[in-house]
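The values are calculated or read from the model by the stated rules, or taken from the named source; none is laboratory data. Since the structure is predicted, the reported quantities are computational estimates derived from the model, not experimental observations. With ideal geometry, Cβ positions are generated from the backbone for all residues, glycine too; neighbour counts draw on all protein chains shown.
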Amino acid sequence: MADRPLHPEHVVVVATAPNELEAGVIVAALEEEGIKSSMTGAATAEFRVAVPADVQILVAQEDVARAKEVIRKGEDDEEDVDWSQVDVGQPEDE
């Protein structure tokens, strides 16, 4: 159920993302399916240091199977995008 809090002793890392933006997309997709989720490591993932740090997506242990299915479906949907047809706009001046 989406309104129960995540308790640390019952939380599992279900996925990792290279940055907070990508992790936020995954968390939003999980929440949309009624799966309570959160992310950790977002602040360290943005540091430019020699050791990379991923952002971890966390869900309740009992939601792991459903969460993995939602993530897999999202990955499958992403593969169907024809990026040659996507208008990303003009680059911004730096």
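Listing for the model above:
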{"quantity": "Total residues in the range 23-42, condition of a type in the set (Gly, Ala, Ser), out of contact with any helix residue (DSSP H, G or I) (no Cβ under 8 Å at 6 or more places or on another chain) and part of a helix (DSSP H, G or I)", "calculated": "2"}
{"quantity": "Residues within the range 52-94 that are at pLDDT below 80 and out of contact with any helix residue (DSSP H, G or I) (no Cβ under 9 Å at 6 or more places or on another chain), tallied", "calculated": "19"}
{"quantity": "Lone unmet requirement of (1) more than 16 Å from the chain's Cα centre (by Cα); (2) at pLDDT below 70 for GLU46", "calculated": "(1)"}
